[in-house]
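*Asks:* Okay, here's the structure, questions in a sec.
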Amino acid sequence: MTKYQLHIDGEWIDPASAEWLDSVDPYKGTQWARIPRGTKADVDRAVSAANRAMAEGPWATMSASARGKTMRAIADLIEKNAQRLAEIEVRDNGKLLAEMHGQLASISEVWYYYAGLADKIQGSSIPIEKSNSVAFTDREPIGVVAALTAWNSPLWFAAVKCAPALAAGCAVVVKPSEFASASTLEFAELTKEAGLPPGVFNVVTGLGHEAGTALVEHPNIAKITFTGSDITGARVYETAARTMKRVSLELGGKSPNIVFDDADLAKAATGVVSGIFGASGQMCSAGSRLLVHSSIKDEFTDKVLAIAKGIRLGDPMDPQTNVGPIATPPQYQKVLDYIDIAKADGARLLLGGKPASDPDLRGGQFVEPTIFADVTNDMRIAREEVFGPVLSIIEFDDEAHAVALGNDVAYGLVAGVWTENVGRALRMSKALRVGTVWVNTYRTYSYMVPFGGTKRSGLGREHGIEAVDEYLETKSVVLSTDDTAPANAFVMR
Ligand code: NAD
């Protein structure tokens, strides 16, 4: 069994607590690794190392081009180690190996992309209206960044947070989820091998209320970038405000997948199924509400059911598996509880609704793909994030009704719109209060396209060029070209 250490200041060290947490394989239900239980003392060490790296280490004086070159070396090493990293993450969170292969390819691309941006960060010259004055802006690294990540895609989150932060010239301390920390620790070794100076990339593992809180409270952290639940996110936001930290939050969703009667129904059915059952529904962007036009409700439901009934649950390492286990015991229980709540609230169960009965899957936390019909938007199953393989079907009568239902939740992360009418697609894209609209597609993520939420789904944007702005402060410089003192020293120029 692998026993990991913390990665601080370029070194591997034991946690001050001298305690470790178990990491459990959600497919087999067995412990496979031990993760350090980092606490405040470790966080203090990591934050000091990161501040030192930004103030005096080679990172502070390195040219932006050299920074980009080191980041490219990291991307090269991710490509080289992709299979190993993918397998570690599958063991930690039960994600499909096939999906991890695709994600790992994108993760190295993320690092190449932001490596290329490192030396293109620049301020501007301002043609100021004052005479005999020159003004310009600089874009400076915001300071040390704490990246707190969720268990469903730890390496992806580390990439989309840390690559733009490093491109901006920041140093980071990452706190991955206690349920899936191994891949981030393994990745830290690659940053070392790539020649990243000590202190620039630190990993402190541990519990949210210990290591996580210590980071959010720390006075020498300038910025928090967080991916997780809206409840924890709100707590992080509140705590961070006391020390006026900058905060970005990538939180949950209750996303609508909206199918009109003029859609390509076969294509839409595939999108709806992959939007809720892909990754066992453990996606912030899960299309957990199917909004379907009343005239095609029965026909479309049958199409979705036909595909969902063929879903093969199984070993996430097996390329034949469509859906793996639920990653953590609390999450498994939460999904089952929501199924009970939906039944009690009057939703009609069409498929699944229980743990998998196959004896081969007994060791793992499997929930059958579950579909509820006759859901109304006021039921808890339609309003609260389940983060599991549970689809709610809700009918709508016309476009305005679809918009009203789509927007009538606290969240606003993504929406899917299925229609062959271009005008309708554009009207819907404008009317839906979400960060991303996918038209005739779903789960089409790109690191080049900004991603983030409105309302309770979060603050700020990741991916794309503008993600770098989250790690920069603008400094304005105004200087006088006058050789003489002003005639009146007491009147503002
Ligand atoms: P979580 O909120 O429980 O934990 C997220 C991280 O915060 C973990 O590292 C955890 O240890 C830490 N943490 C917990 N309590 C803390 C505290 N008091 N102070 C500081 N840190 C603390 O979330 P989770 O269960 O790991 O992930 C599932 C959630 O993440 C879902 O709600 C999902 O929608 C969301 N998510 C969002 C996105 C997105 O991009 N919008 C992506 C994936 C997951």
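The values are calculated or read from the model by the stated rules, or taken from the named source; none is laboratory data. Everything quoted here is computed from the prediction, not taken from an experiment. Every residue, glycine as well, gets a Cβ built from its backbone with ideal geometry; the counts of neighbours run over all protein chains shown. Please note that ligands, DNA and RNA were not included when accessible areas were found on the heavy atoms of the full protein model with its side chains. Shrake-Rupley method; radii C 1.70, N 1.55, O 1.52, S 1.80 Å.
*Asks:* Can you give the % of DSSP beta bridges in region 256-439 that are antiparallel, to the nearest 5?
*Replies:* Of the beta bridges lying entirely in region 256-439, close to 15 percent run antiparallel.
*Asks:* For region 364-420, compute Rh as the Kirkwood radius over C-alpha pairs and then the Stokes-Einstein diffusion coefficient at 20 °C and 1.002 mPa s; write the answer in µm²/s, rounded to an integer.
*Replies:* Diffusion coefficient, whole number: 166 µm²/s.
*Asks:* Please state the equivalent ellipsoid semi-axes for region 373-493: what are the square roots of 5 times the Cα gyration tensor eigenvalues, largest first, in whole Å?
*Replies:* 47, 16, 16
*Asks:* Another question about this same structure. Between residue 473 and residues 5 or more places away or on another chain, which pairs have amide H atoms under 5 Å apart, with H built 1.01 Å from N, and which residues are they?
*Replies:* Long-range HN contacts for residue 473: 140, 142.
*Asks:* A follow-up question, please. Search the structure for amide H atoms under 5 Å from the amide H of residue 417, placed 1.01 Å from N in the peptide plane, and list their residues when 5 or more places away or on another chain.
*Replies:* Answer set, sorted by chain and number: 258, 438, 439, 440, 441.
*Asks:* Amide H neighbours of residue 454 under 5 Å, at least 5 residues apart or on other chains, H built in the peptide plane: list them.
*Replies:* Placed amide hydrogens put 412, 413, 435 under 5 Å from residue 454.
*Asks:* How big, on average over all directions, is the shadow cast by the Cα convex hull of the chain, in nm²?
*Replies:* 26.3
*Asks:* Also, I was wondering about something else. Quick one: which of 161/223; 297/430; 130/475; 28/254; 28/192 span more than 22 angstrom between C-alpha atoms?
*Replies:* With Cα atoms farther than 22 Å apart: 297/430; 28/254; 28/192.
*Asks:* Let me ask something else about it. Taking the highest mean first, how do the peptides 412-422, 120-130, 481-491 order by number of other beta carbon atoms within 10 angstrom per residue?
*Replies:* Packing proxy ranking, top to bottom: 412-422, 120-130, 481-491.
*Asks:* Ignoring any ligand, DNA or RNA, what whole percent of the accessible area of region 256-439 comes from carbon and sulfur when the probe is 1.4 angstrom?
*Replies:* 50
*Asks:* Ignoring everything except DSSP H segments at least 4 long, calculate the 222 nm mean residue ellipticity for the chain; use -39,500 (n - 2.57) per segment, divide by total residues, nearest 500.
*Replies:* Only helices count here, giving -11500 deg cm²/dmol.
*Asks:* Now, a different point. To the nearest 10 degrees, how steep is helix 422-431 against the longest Cα principal axis of the chain, on a 0 to 90 scale?
*Replies:* Tilt of helix 422-431: around 60 degrees.
*Asks:* Over the Cα atoms of region 167-216, what is the Rg over Rh ratio if Rh follows Kirkwood?
*Replies:* That ratio is 0.99, to two decimals.
*Asks:* Which residues in region 104-123 have a backbone N closer than 16 Å to a point placed 7 Å from the Cα of residue 65 along the Cα-to-Cβ line?
*Replies:* Only 115-122 fall inside the zone, counting backbone N under 16 Å.
*Asks:* Related question: Starting from the Cα gyration tensor of region 144-199, take the square roots of the eigenvalues, sort them a ≥ b ≥ c, and report rounded, prolate or oblate (rounded when a/c is under 1.5, otherwise prolate if a/b is larger than b/c, else oblate).
*Replies:* oblate
*Asks:* Give a residue-ordered list of calculated ³J(HN,Hα) values for region 286-297 (Karplus: 6.51 cos²θ - 1.76 cosθ + 1.60, θ = phi - 60°; whole Hz; x for Gly, Pro).
*Replies:* Whole-Hz 3J(HN,Hα) from phi for region 286-297: 3, x, 7, 10, 8, 9, 10, 5, 4, 5, 10, 3.
*Asks:* Expressed as a whole number of Å, what is the distance separating the alpha-carbon centroids of region 36-56 and region 136-157?
*Replies:* Taking the Cα centre of region 36-56 as reference, the centre of region 136-157 is 15 Å away.
*Asks:* Pop a pseudo-label 7 angstrom from the Cα along the beta-carbon direction at both residue 28 and residue 476 and give the gap in nm to one decimal.
*Replies:* With each label placed 7 Å out from Cα toward Cβ, I get 6.1 nm.
*Asks:* Moving to a separate point now. Suppose all protein chains stay in the model; what accessible area per residue would a 1.4 Å probe give for the chain, in Å²?
*Replies:* 41
*Asks:* For a bin width of 10 Å, list the pair-distance distribution of region 256-439 built from all Cα-Cα distances, rounded to whole %.
*Replies:* In whole percents, the pair-distance histogram is 10, 40, 35, 13, 2, 0.
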